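Visitor: Quick one: the structure is below, and I'll ask about it shortly.
What follows is calculated from the coordinates using simple rules that are stated; it is not laboratory data. All figures in this text were calculated on a predicted structure; none of them were measured in a lab. Because the Cβ atoms are built from the backbone with ideal geometry, glycine has one as well, and the counts that use them run over all protein chains shown.
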Amino acid sequence: MTTAISRLEPAEVLAHAGELAVLLTDTVAGGASVGFLAPLDRAEAVAWWKARADAVAAGALDVWAARDGRDRVLGTVSLALPDKPNSRHRAELVKLMVHRDARGRGLGRALLTAAERAAAAAGVTLLHLDTETDSPAESLYRSAGWIRVGEIPDYAADPAGALRPTSIYYKRVAGRRTAPSRTDRRGAGPREGRCQ
């Protein structure tokens with residue numbers, strides 16, 4: 001099955017908010033710690049994604065979606081972009097999610113690679129993230145060359161409400177060694193990609 005990965009414009013985030021909400025509720029129902037408690041109401045998930053469209057429009061967030069041949073959203077990843085002049089060389093990787101029905105096909109790695117390549121093309125040289133310690137995501141990040149810095153105890157509640165530690169990771173990506181401007185980051189890098 002061929003899956004297309006593309007960066008979403010604000011209007012596309014709004015247009016796909018319902019499908020993105022299905023992905024988010026599935027991720028939370030599957031036990032992943034992505035900022036929400038279970039059960040996550042669909043309306044709350046839709047509202048959360050609609051608010052992300054505003055962040056994309058403001059240049060504070062880039063969102064990629066993996067869609068199948070029927071245009072169904074199977075996964076997503078985002079880069080949160082700092083607005084301070086001295087930190088425009090870095091970005092935070094957030095909300096890497098793949099629907100449970102689509103796992104095991106390499107979509108997580110393809111989404112991660114798309115975000116890393118776009119960051120480098122936009123002049124970002126440093127990425128960072130946090131993920132629940134001992135979660136399946138840790139093995140993906142390690143295998144993709146991310147470096148674990150350490151762990152913070154009791155960082156966030158998992159979907160069931162139990163406090164869990166988080167692991168902090170970073171990765172240097174090939175980009176220019178001066179801070180990109182805000183306009184350099186928006187719209188740079190590949191808009192679309194494919195994975196098998």
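Visitor: Return the sequence-ordered ³J(HN,Hα) values of region 85-94 in whole Hz as given by the Karplus equation 6.51 cos²θ - 1.76 cosθ + 1.60 applied to θ = phi - 60°, using x for Gly and Pro.
Guide: 3J(HN,Hα) across region 85-94, in whole Hz: x, 7, 10, 6, 7, 10, 8, 9, 7, 9.
Visitor: Follow-up. Any chance you could tell me what percent of the C-alpha pair distances in region 44-112 go past 15 Å? Before the final figure, lay out the partial values.
Guide: Values: 1389 of 2346 pairs.
Percentage above 15 Å: 59.
Visitor: If neighbour count is taken as other Cβ atoms inside 10 Å, put Thr131, Thr76, Thr113 in order from fewest to most.
Guide: Details: Thr131 22, Thr76 29, Thr113 16.
Lowest to highest Cβ neighbour count: Thr113, Thr131, Thr76.
Visitor: Once Rh for region 3-186 is found with the Kirkwood sum over Cα pairs, what is the Stokes-Einstein diffusion coefficient at 25 °C and 0.890 mPa s, in µm²/s? The partial results should precede the final answer.
Guide: Details: Rh = 16.7 Å.
After rounding, the answer is 147 µm²/s.
Visitor: Another question, if that's okay. For Arg164, what charge total do you get from the other residues with a beta carbon under 10 Å from its beta carbon, if Lys and Arg give +1 and Asp and Glu give -1? Before the final figure, lay out each step's value.
Guide: Values: positive: none; negative: Glu132, Asp134, Asp154, Asp158.
Within the 10 Å Cβ shell, the charges total -4.
Visitor: Ignoring everything except DSSP H segments at least 4 long, calculate the 222 nm mean residue ellipticity for the chain; use -39,500 (n - 2.57) per segment, divide by total residues, nearest 500. Provide the component values of the computation, followed by the final result.
Guide: Numbers: 6 runs with 62 residues, N = 196.
The helix-only estimate for the chain comes to -9500 deg cm²/dmol at 222 nm.
Visitor: Please state the shape class of region 69-161: rounded when a/c is under 1.5, otherwise prolate if a/b exceeds b/c and oblate if not, all from the C-alpha gyration tensor.
Guide: Numbers: a/c = 1.72, a/b = 1.12, b/c = 1.53.
Verdict is oblate for region 69-161.
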